[in-house]
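Please read the structure below before turning to the comments.
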Amino acid sequence: MRFYEALGLEPGLMLDAQDLQRRFYERSRQWHPDRRARAGAAEQQKALEMTAVLNDAFRTLRDPVARAGYFLEEHKIVSSKHPPAELLEEVFEMNMALDELRRGDESARPQLIDARDRFVKLLAEIDHGLSALSIQYDKSLRGTPDESLLLAIRGVLDRRQYVSNLIRDVEKELNVHVSN
Amino acid sequence: MAYSNKVLDHYNHPRNVGSMDKSDPNVGTGMVGAPECGDVMKLQVKVNPETGVIEDAKFKTFGCGSAIASSSLATEWLRGRTVDEALAIKNTDIVNELSLPPVKIHCSVLAEDAIKAAINDYKAKSGVTAKETATA
Ligand code: FES
């Protein structure tokens, strides 16, 4: 996997943030285009490319969610077409309340704040689940990689995406209609 | 993107918006959502248990114009059909009727899924084993 290779890492879901940063700085310095000012055009081009890859790699790998997304992509595990069924009821209710608020009915606000808080809490739980699964998967890398864990992580990431969109939507609406 | 006249008509005058009592044994409820856009759709059918004919259908959709039009059209089509005829409705029928462009096909899929979910809910409630399960 390109991003891991660029930083001299073995592919895995758990990375040490400090080590990652150290590797990024080291390699960025090493490939800095200024250091090749007198090299040939091909060399310079290569340095530019490496710098770009290093930047992308660092930005992706330092964030556990983006990292897992990249990892799954490389494993060709695609997002599911179905949103989490157990959330639909609540999402529907939330949309009803959003409609009321948009029509100027302030009594919907407390319900929306509650919903937002629940989703924020859910997001924290999801992140917790993601790291538990990531640790488990990396352990399996010592033997036969457990593909079923990757599928589970796909589910977690999809849920995460869905929930964070919900939070964004409700927050947007809560901020537009600031009560006074 | 331009909506077809039929979409606009359903969008501006949605038919059968509303909801029915979920706990009524003759009412089947389908709740579906699209992950891409976060849209949600609730569709309900009220079935006559003697004849298996859908007597009433209601929907409420939070979503784009095409999703609203698709579900509005679906409720129109559902009324008077038997449960099994309802399951035969395909999203492509909706696409054709409303002339939906390719980017809006998923909105019609949502409506088909909602029909299936509602019918399956009714069947599960009334003890009929669903012989057809929602595909897609
Ligand atoms: S854009 Fe999402 S249902 Fe139409």
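The values are calculated or read from the model by the stated rules, or taken from the named source; none is laboratory data. All of these numbers come straight from a predicted model, not from anything done at the bench. So basically every Cβ, Gly included, is an ideal-geometry build from the backbone, and we count neighbours across all protein chains shown. Accessible surface is based on the protein model in full, side chains and every heavy atom, while ligands, DNA and RNA are left aside. Shrake-Rupley method; radii C 1.70, N 1.55, O 1.52, S 1.80 Å.
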Would it be correct to say that B:A111 is open to solvent by less than 50 Å² (accessible area, probe 1.4 Å), within 16 Å of the ligand (Cβ to nearest atom) and away from chain A (no Cβ under 14 Å)? yes
Which condition does B:A74 not pass, out of (1) within 14 Å of chain A (Cβ to nearest Cβ); (2) within 14 Å of the ligand (Cβ to nearest atom); (3) hydrophobic (A, V, I, L, M, F, W, C); (4) within 25 Å of B:K125 (Cβ to Cβ), if it passes all the others? (1)
Can you tell which of A:R29, A:R62, A:R35 is in contact (Cβ under 8 Å) with a residue 12 or more places away in the chain, more than 22 Å from the chain's Cα centre (by Cα) and open to solvent by 80 Å² or more (accessible area, probe 1.4 Å)? A:R35
Output the number of the condition that A:A57 fails; it satisfies all remaining conditions of (1) open to solvent by less than 80 Å² (accessible area, probe 1.4 Å); (2) within 14 Å of chain B (Cβ to nearest Cβ). (2)
Restricting to the stretch B:77-103, count the residues that are touching a residue at least 60 places away in the same chain (Cβ under 8 Å) and within 13 Å of the ligand (Cβ to nearest atom). 4
The stretch A:103-135: number of residues that are touching a helix residue (DSSP H, G or I) at 6+ places or on another chain (Cβ under 7 Å) and open to solvent by 80 Å² or more (accessible area, probe 1.4 Å): 1
Scanning the stretch B:28-67 for residues that are of a type in the set (V, I, T) and surrounded by 19 or more Cβ atoms within 10 Å (Cβ to Cβ), the one farthest from the ligand (Cβ to nearest atom) turns out to be B:V47
Are any residues in the stretch A:4-58 in contact with a helix residue (DSSP H, G or I) (Cβ under 6 Å, 6 or more places away or on another chain) and among the basic types (K, R), and if so, which ones? A:R27, A:R36
One residue is enough: does the stretch A:25-42 have a residue meeting the conditions of a type in the set (A, V, I, L, M), modelled with pLDDT of 95 or more and not assigned by TED's automatic domain parsing to the domain that holds A:Y162? no
Kindly indicate whether A:F24 is touching a residue at least 60 places away in the same chain (Cβ under 8 Å), out of contact with any strand residue (DSSP E or B) (no Cβ under 6 Å at 6 or more places or on another chain) and more than 14 Å from chain B (Cβ to nearest Cβ). no
Inside the stretch A:136-160, can you point out the residues that are in contact with a helix residue (DSSP H, G or I) (Cβ under 7 Å, 6 or more places away or on another chain), free of Cβ contacts under 8 Å to residues at least 12 places away in the same chain and polar (S, T, N, Q)? A:S140
I'd like the full set of residues that are more than 12 Å from every other protein chain (Cβ to nearest Cβ) and open to solvent by less than 80 Å² (accessible area, probe 1.4 Å), limited to the stretch A:72-102. A:L72, A:H75, A:I77, A:E100, A:L101
Answer yes or no: is there a residue in the stretch B:8-25 that is away from the ligand (no atom under 16 Å from the Cβ), β-branched (V, I, T), part of a strand (DSSP E or B) and surrounded by 16 or more Cβ atoms within 10 Å (Cβ to Cβ). no
